[in-house]
Amino acid sequence: MDARQIREGATNILILMSTLLSSEIVETDLSSFSNSSLLNHDLAPTTSRDRKWGTYNIAALWISMSACIPTYMLASGLIAEGMNWYQAVITVFLGNLIVLIPMILNAHAGTKYGIPFPVYCRASFGVFGANIPALLRAFVACGWFGIQTWIGGWAIYKIFTIYIPAWDALPVWMAGINIAQFGCFMFFWAINMLVIYKGINSIRFLLDIKAPLLIILGLALLLWAYQQAGGFGPMLSQSSQFVPGGVKEGQFWMVFFPSLTGMIGFWATLSLNIPDFTRYSKTQRSQMLGQLIGLPLTMGLYAFIGVAVTSATIVIFGGFPIWDPIVLITKFTNPVILAISLFALCLATLATNLAANVVSPANDFANLWPSKITFRIGGLITGIIGILIQPWKLVSDPSGYIFTWLVGYSALLGPIGGILIADYFIVRKTVLSVPEMYKREGAYTYYKGFNSAAVIALIAGVIPNIPGFLGTIKVLDPATVGSVLMHLYNYAWFVGFGVAFLLYLILMKRK
C-alpha cells in the first residue's frame with residue numbers, strides 16, 4: 001500500500017465520519033405519492049412532528065432492550081463451553097461493540113429520510129424484492145418474540161408455583177409443557193398484544209420507564225449478592241470446583257470466534273431494522289451517541305451482573321450455581337420482594353420484546369401488502385407465529401441457543417447488512433429518492449420490482465455457511481462437511497457480510 005492509497009483511505013474515512021455526523025434531515029412531501037399501493041400510514045416517512053427521540057430516548061431504547069433475562073444468562077452459555085468469567089464478559093462486550101458499527105451505519109438512512117427498514121430495503125433490493133430481506137428479518141423476530149414471551153410467562157409461572165405447588169405436578173399437556181405453563185405463556189402473550197394495539201408511542205413510554213428502573217434493580221441485586229456471600233463467590237475468585245477454569249491452553253480461540261459471532265448475532269436483527277426506530281430521532285448525533293451509550297456498556301454490565309450474582313449463589317444457597325434469575329427469585333420468601341421482582345422481570349421482558357421483536361416484523365409484514373396489513377395486524381401475525389414455533393424448545397439448551405440459533409441466523413442476516421451498507425454508502429453516497437421508493441414503476445423498480453444484483457449477492461453470502469450449519473445441527477456428519485467449512489461457519493456473520501458486500505458492488509458496477 002503506497003502513500004496515495006493511504007491518503008485516499010484516510011480521506012474516505014473522514015468523509016464517512018462527516019456524513020454520519022451530518023444533521024441533514026430530509027422531509028418528504030407525501031402528496032406526490034399519497035395514493036400509492038406501496039404506502040400506508042405505518043410505512044410513510046416520518047415528519048418533523050414525529051421526530052421526538054433525543055439521545056436519552058435512543059439510549060433508553062438500548063438500555064431497555066439489553067437489560068433483560070437473555071442478557072443476564074448470556075455468559076452462562078459461554079462459561080458452559082469452557083470460558084472463565086472475564087473471558088465470557090469481554091466476549092459479550094466485544095461482540096456488541098462490533099455490531100454497533102453496522103447498527104449506526106444502517107441507522108443513518110432512517111434518521112435522514114424518516115423511512116422504516118422495509119422501505120430502506122427497496123433502494124437495494126427493489127420495491128418488491130425488499131420483501132425478501134424484510135420477511136427473513138421478520139421470521140427471525142418471530143422466533144425472538146416467542147422466546148421472550150415464553151420467558152415472561154415462565155417468570156409468572158415460577159412465582160405462582162410458590163403458592164400453588166400443585167402446578168409443578170401437573171402432567172405434560174402438549175409439546176413438553178403442562179397446561180399451567182402454557183396458560184401463563186398465553187397470559188403474557190395477551191399483554192404484549194394489548195400494547196401492540198396501543199401503538200408505537202406506548203412502546204416508547206415503556207422503554208423510558210424501564211431503562212433507569214432495570215439499571216437500579218440490577219445494581220441492587222449485585223449489592224445484595226455481594227453482601228450475602230461476603231464477596232462475589234468462587235467463580236470470580238476462581239477457588240472452587242464449580243469454576244470452569246477457562247478453556248484449555250491452545251483451545252481458547254476455537255471457542256472464542258464462534259462465541260463472538262453468536263454475540264454479534266444477538267443483535268444482528270436490530271442492526272438491520274434499526275431505521276424503524278431512528279426514523280423518530282431528532283438528529284444523527286442523537287442516534288449515534290444514544291446507541292454508543294446504551295448498547296455495549298449495558299450488555300457488558302448485565303453479563304457481568306449475571307456472572308457475579310450466579311457466582312454468589314454458590315455460597316448463599318450452597319450447591320451448584322443458579323443461572324436462571326427466575327429460579328433465583330423463587331428462593332425469596334418475602335411476598336413484597338416477590339411482587340417487585342415479578343413486576344420488574346415482566347416489565348423487562350415486555351419492553352424488550354415489543355421494541356426488539358414486534359416493531360420490525362409488524363412493519364415487515366405490512367410491507368408485504370401495505371393496503372391491507374397495518375402495524376397492528378403485522379404485530380398479531382408476529383404473535384401467532386411466536387406461539388407456533390414452540391419457543392420453550394429453543395431455549396432449553398444453552399449451547400444450541402448460542403451456536404445453532406444465534407450463529408445460524410447471523411449467517412442469514414449478515415449478507416443483508418453487507419448489501420444495505422454497500423448500496424447506501426458506496427453506490428448511492430447516502431442519496432435516496434424517497435418518492436421513488438413508493439412507486440411501482442420508478443428508479444427502484446429494476447426488473448419487475450427485483451434487483452437481481454442484491455438477490456444474487458444475498459444467495460452467494462449465505463451459501464458458504466450452509467455446510468457448516470448443517471454439520472452443526474447434525475443433518476450432515478461434520479467429518480463429511482470437512483474441518484475447513486465447519487471452521488468457516490464460526491465466522492458466519494463476517495463471511496456472509498463480506499461476500500455479499502463485495503459481490504453486490506461488483507454487480508452494481510456492471511449495471
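Give, in nm to one decimal, the length gained when the segment between Met174 and Val336 is fully stretched (0.36 nm per residue of separation minus the Cα-Cα distance). Can you show the working numbers first?
Numbers: separation 162, 0.36 × 162 = 58.32 nm, distance 3.35 nm.
Full-extension gain reported as 55.0 nm.
Any idea which of Val89, Thr313, Cys68 is furthest toward the positive side of the dipole for the chain, if Lys and Arg beta-carbons carry +1 and Asp and Glu beta-carbons -1?
Cys68
If I take R0 = 56 Å and measure r between the Cβ atoms of Ile506 and Leu194 in this structure, what FRET efficiency does the formula 1/(1 + (r/R0)^6) give, to the nearest 0.05? Don't skip to the answer; put the middle values down first.
Values: r = 48 Å, r/R0 = 0.86.
After rounding to 0.05, the efficiency reads 0.70.
Kindly state, to the nearest 0.05, the FRET efficiency for Ala80 paired with Met186, given R0 = 45 Å and r defined as their beta-carbon distance. Display every interim value, and only then the final one.
Working: r = 31 Å, r/R0 = 0.68.
The value I calculate is 0.90.
What is the distance, in nm, between label points placed 7 Å from the Cα along the Cα-to-Cβ direction at Lys372 and at His41?
About 2.0 nm separates the two model spin labels.
What lysines does Lys448 reach when the alpha-carbon gap must be under 27 Å and sequence neighbours fewer than 8 apart in one chain are set aside?
Lys372, Lys429, Lys439, Lys509, Lys511
Report relative contact order for the chain in percent, whole number only (criteria: Cα-Cα under 8 Å, sequence separation at least 6). Intermediate values should be presented prior to the final figure.
On the way: 851 pairs, mean separation 153.6, N = 511.
Relative CO of the chain lands at 30 percent.
What dipole magnitude, in Debye to the nearest 20, does the range 352-511 give about its Cα centre under +1 on Lys/Arg Cβ and -1 on Asp/Glu Cβ?
Numbers: 12 positive and 6 negative charges, 105 e Å.
Computed about the Cα centre, the dipole is about 500 debye.
Pick out, from Gly152, Leu507, Ile104, the residue whose Cα sits farthest towards the positive end of the charge dipole of the chain, with +1 on the Cβ of Lys and Arg and -1 on the Cβ of Asp and Glu.
Highest projection toward the positive end goes to Leu507.
Calculate, in nm to one decimal, what Thr430 and Glu24 gain on full extension: separation in residues at 0.36 nm each, minus their alpha carbon distance. Could the numbers behind the result be given before it?
Details: separation 406, 0.36 × 406 = 146.16 nm, distance 1.11 nm.
In short, 145.1 nm is gained.
Under a crude label model (7 Å from the Cα following the beta-carbon direction), how far is Gln227 from Gln251 in nanometres?
Label at Gln227, label at Gln251, 4.1 nm between them.
Quick one: dipole size for the chain, taken about the Cα centre, charges +1 on Lys/Arg Cβ and -1 on Asp/Glu Cβ, in debye to the nearest 20.
Values: 29 positive and 19 negative charges, 196 e Å.
About 940 debye.
Rule-based calculations on the coordinates, nothing more; no lab input. It should be emphasised that the depicted structure is a prediction, and the values quoted were computed from it without experimental measurement. Counting neighbours? That spans all protein chains shown, and the Cβs are built from the backbone with ideal geometry, glycine included.
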